[in-house]
Each structure stands twice: as C-alpha cells, then as structure tokens.
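A.B. asks: Below is one structure. I have some questions about it.
The values are calculated or read from the model by the stated rules, or taken from the named source; none is laboratory data. In this text, all values refer to a predicted model and were calculated from it rather than measured experimentally. Here Cβ is always computed from backbone atoms with ideal geometry, including for glycine, and neighbour counts include all displayed protein chains.
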Amino acid sequence: MERKLDIINPPFDSPVTDLIIEIDTLRKRPLKGSTHPAIFFQIKHLFHILESIGSVRIEGNHTTIAEYIENEIEHPSNQPEAILEIRNNENAINFIEENIDKSPIDRAFISELHKIVVKNLDREGSRQPGKYRLENPRITGSSHIPPDSVLVNDLMIELFNFINHKHPEKYDLIKVSLVHHRFVWIHPFDNGNGRTVRLLTYAMMIKMGFRVDQGRIINPTAVFCSNRDAYYNALQQADEGTEEGLLIWIEYVLKGLSSEIRKIDNLLDYNYVLLKIFEPALREAERKRIITQQEHKVLQLAARMQEFKTAQLKTVFNNKSSVALSRIVKKLRDREFLLPVSANSRTYIFNFINNELMREIMKALDKEGFLPIKDEI
C-alpha cells in the first residue's frame, strides 16, 4: 500500500520516543576514550569487514568470517565472486567516508554507491550499474510487488527531497528508518538494492553526527543481519503503509541501533579492549603456536603500551642482548604483527589486520558479543 512519504510523530509515551531520546543522548555525548587512534581504527576496519559480510549474507552470500579471513591472509589476490562482493561493499563504505562531507545524498551519490556494490559481479551484479531498473521484478520470498518501473524516477526524486529537507533534528532517527524502508519498497535497481540501502543508512547516520572521524564505530548492518527473518518481518509490517506498521519498523531499527552503539562504544575503553580482546587473543595465538612464548611477551607489551620502543623490551627481557631483541622485533615486523609508526621509526604499534592474529581477535570479539554473524571462526 502506497503512503505519502512524510515524518511520523510517535506518541510521547511510546517506545519509539524513548529510543529517540536515548540514542540522541549517545550521539551528543563527547567521545573520550583511552584507545590509541591507530588501534581503534584497526578495530573499526574489522567492523567494516563484518558489516560487509553481514550485508551480503542477507542476500544469500554464504561466505563465513573464517573463509574471508583465510582468503585475506593466504590468497589476497584471489577474488572469487563471493569474496569480491564483500570487498565491493568495503570499497563502498570507504567511498561514503571519503565523500559524505562534500556530497549531498542524491541520485549521483546513490548511483555511484550502486556501481561500486555490483562492480565485476555476475550472479549479484547488475545489467545497468547505477541506473534505475527498466523492468518490473518480483522479490523472492516477499509478497511486496515494487511499483512500476515508469514510476521509479519520480519516487526517487521524492525520496531525495525528503532526505535533504531540513526537518527538525528530533526527527533524524525516524527519518533514517523511513528512508531505509522507502528505498526497499521502491526497489530502484535491478539488483543490489539491499546492499545499497544498508550503505545509505550508514551514510545518513554519519550525516546525522555519528562521526567515524571522531572515533565512533557505526555498524547499522548489525541491526539487520543478526536476524534476517526479523528484518524482513519488520519491513513487511511497514509495507502495509499504516502508521502502526511504520512505527513497528521504526522501533525495530532504533532498538538495534541503540544496542549496537552502546556495545561498540565500550571499545573506547582501552582497559576493556586489552583485558577482554587482546590478551585472550594473544594467549590463544601462543597456544596454537602462531607465535612463540617470547613473541607473545613482545606483543603483550605492545598491546599494553599501545606504542613502544625497542629499548623498552629490556623491562621484559633483562637477560637478552639488544641484538637478540632486535631479531625478535624484526621477525614480528616481517609478519606485520608490529608496524612502525613511521618509516624507519623504532616505535611500534600492535597490528592485527590481514595477518594470523586477525582470526583470534575476531574470536575474542565474538566471545564478548560483538559479532552479529554467528559462524565458526
């Protein structure tokens, strides 16, 4: 049922109003954390990977976290379609972060997102990347019949006008929920609509003030991919076109966002990251003989200090020569477990991206409830 696209005013005593107040408080709260920016943005990179895996999983891509990590470590140049689909999504996230401040969310912006999402894909590609569909599709597993293709352009103009209209700030979260549903309802492209709309949600949240450059991780896909059936059921309620159905959808979105933002903001507390994520991951890496006992000690120092100089290893190894310690550090550098803060620097940071530690970090995050996707890692 088609309904005019407009802001909804929830009752003052409704769960939606409570959620808006709660999330708006989180949005405006100053972010003050003890996690080193270089460490935090490695964690952010992991969440981008999870967001990409989760988004394509909803569409039927069955790549597991373990398979993706193995491919990144062992075969980074190998790009089967399932892996390429995930990397396309990561590239689209990067595009958003690089362009969101200098570009309105309009047809050109969405078209570029769609082109990136479907690039070089066959099964999950598009016959017309970045262009609106010319046919009238049926959506597998859904009773919703998208509007006729001749209406798509006008409906998308209405959608972009709604996105860019300066509504009062108190409606921001209602707006992002309504836009997500409306985009899915229009189904503007021949393929890739779900992946594109979840990226649109990410872009709108950054526009709203959930700033990644200020150290906040946003993972809205976690709201949708943790329970695919709940996602589609909530969308179906909104498809009815009633205010009641739309409020059910809005509440579903906002509950998920509130949970994710609160959980992920814990990662700004470095004591939490160290004790719950890094130290368990390093212990497991030694147990599996990914690293030696000596390497474990070096990486533990690196993790605890966040930045360290080779000379500081004397506090851990008072019986080893500088030459011997340099050899250990070199080996860890060669494996990219340690990275110099700049070229030729003897100051290092702990690194777990695209190396054998990444899987153990993912396992530790999973144990603490951060992973929306349930896999054997």
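A.B. asks: Among the numbered criteria (1) in a loop (DSSP other than H, G, I, E, B); (2) surrounded by 23 or more Cβ atoms within 10 Å (Cβ to Cβ), which single criterion is violated by ASN89?
C.D. replies: Going through the list (1) in a loop (DSSP other than H, G, I, E, B); (2) surrounded by 23 or more Cβ atoms within 10 Å (Cβ to Cβ), ASN89 breaks only (1).
A.B. asks: Only one of these is farther than 20 Å from HIS181 by Cα, touching a Ser or Thr at 6+ places or on another chain (Cβ under 7 Å) and among the acidic types (Asp, Glu): GLU90, GLU81, GLU124, GLU98. Name it.
C.D. replies: Testing whether each residue is farther than 20 Å from HIS181 by Cα, touching a Ser or Thr at 6+ places or on another chain (Cβ under 7 Å) and among the acidic types (Asp, Glu) leaves just GLU90.
A.B. asks: Considering only residues of region 334-363 that are among the charged types (D, E, K, R) and surrounded by 15 or more Cβ atoms within 10 Å (Cβ to Cβ), which is farthest from ARG283 (Cα to Cα)?
C.D. replies: ARG335
A.B. asks: Quick one: which residue in GLU81, GLU85, GLU59, GLU72 is more than 16 Å from ARG195 (Cβ to Cβ) and among the acidic types (Asp, Glu)?
C.D. replies: GLU72
A.B. asks: I need the full set of residues from region 163-184 which are crowded, with 17+ Cβ neighbours inside 10 Å and more than 23 Å from ILE53 (Cα to Cα), in order please.
C.D. replies: Answer for region 163-184, where residues must be crowded, with 17+ Cβ neighbours inside 10 Å and more than 23 Å from ILE53 (Cα to Cα): ILE163, ASP172, LEU173, ILE174, LYS175, LEU178, ARG182.
A.B. asks: Of the residues that sit in region 294-311 and are among the small types (Gly, Ala, Ser) and touching a strand residue (DSSP E or B) at 6+ places or on another chain (Cβ under 8 Å), which one is surrounded by the most Cβ atoms within 10 Å (Cβ to Cβ)?
C.D. replies: ALA302
A.B. asks: Among the residues in region 312-331, are any surrounded by fewer than 17 Cβ atoms within 10 Å (Cβ to Cβ), assigned to a loop (DSSP other than H, G, I, E, B), polar (S, T, N, Q) and touching a residue at least 60 places away in the same chain (Cβ under 8 Å)?
C.D. replies: no
A.B. asks: Select from region 57-93 the residues that are under 30 Å from LYS207 (Cα atoms), modelled with pLDDT under 90 and of a type in the set (S, T, N, Q) and list them in ascending order.
C.D. replies: Matches in region 57-93: ASN61 only.
Residues are listed down the side, and each one gets a yes or a no for (1) modelled with pLDDT under 95; (2) out of contact with any strand residue (DSSP E or B) (no Cβ under 8 Å at 6 or more places or on another chain); (3) more than 23 Å from LYS119 (Cα to Cα); (4) outside any helix (DSSP H, G or I):
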{"site": "TYR132", "(1), (2), (3), (4)": "no, yes, no, yes"}
{"site": "SER143", "(1), (2), (3), (4)": "yes, yes, yes, yes"}
{"site": "ASP154", "(1), (2), (3), (4)": "no, yes, yes, no"}
{"site": "LYS166", "(1), (2), (3), (4)": "yes, yes, yes, yes"}
{"site": "ASP172", "(1), (2), (3), (4)": "yes, yes, yes, no"}
{"site": "LYS175", "(1), (2), (3), (4)": "no, yes, yes, no"}
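A.B. asks: I'd like the residue in region 71-84 that is touching a residue at least 60 places away in the same chain (Cβ under 8 Å) and assigned to a helix (DSSP H, G or I) and, out of all such residues, is surrounded by the most Cβ atoms within 10 Å (Cβ to Cβ).
C.D. replies: Among residues in region 71-84 that are touching a residue at least 60 places away in the same chain (Cβ under 8 Å) and assigned to a helix (DSSP H, G or I), the one surrounded by the most Cβ atoms within 10 Å (Cβ to Cβ) is GLU72.
A.B. asks: Something else: What number of residues within region 23-50 are part of a helix (DSSP H, G or I) and either at pLDDT 80 or above or aromatic (Phe, Trp, Tyr) (or both)?
C.D. replies: 17
A.B. asks: Here's a follow-up. Considering only residues that are closer than 30 Å to SER34 by Cα and without any contact (Cβ under 8 Å) to a residue 40 or more places away in the chain, which ones fall in region 239-267?
C.D. replies: Within region 239-267, GLY256, SER259, ASN266 qualify.
A.B. asks: Sticking with this structure for a sec: So, of the residues in region 263-296 that are in contact with an Asp or Glu (Cβ under 8 Å, 6 or more places away or on another chain) and of a type in the set (Val, Ile, Thr), which turns out to be farthest from ALA222 (Cα to Cα)?
C.D. replies: So, considering only residues that are in contact with an Asp or Glu (Cβ under 8 Å, 6 or more places away or on another chain) and of a type in the set (Val, Ile, Thr), the one farthest from ALA222 (Cα to Cα) is THR292.
A.B. asks: Of the residues that make up region 93-116, is at least one within 16 Å of GLY130 (Cβ to Cβ), of a type in the set (Asp, Glu), assigned to a helix (DSSP H, G or I) and assigned by TED's automatic domain parsing to the domain that holds ASN164?
C.D. replies: Scanning region 93-116, I find at least one residue that is within 16 Å of GLY130 (Cβ to Cβ), of a type in the set (Asp, Glu), assigned to a helix (DSSP H, G or I) and assigned by TED's automatic domain parsing to the domain that holds ASN164, so the answer is yes.
A.B. asks: Here is a follow-up. Got a sec? Which of ARG57, ARG29 is surrounded by 19 or more Cβ atoms within 10 Å (Cβ to Cβ) and out of contact with any Phe, Trp or Tyr (no Cβ under 7 Å at 6 or more places or on another chain)?
C.D. replies: ARG57
A.B. asks: Another question about this same structure. Could you check, for region 204-211, whether at least one of its residues is at pLDDT 90 or above and under 24 Å from GLY54 (Cβ atoms)?
C.D. replies: yes
Quick grid of which residues meet (1) at pLDDT below 90; (2) assigned by TED's automatic domain parsing to the domain that holds LEU151:
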residue	(1), (2)
ARG182	no, yes
ASN193	no, yes
ASP213	yes, yes
ARG228	yes, yes
LEU274	no, no
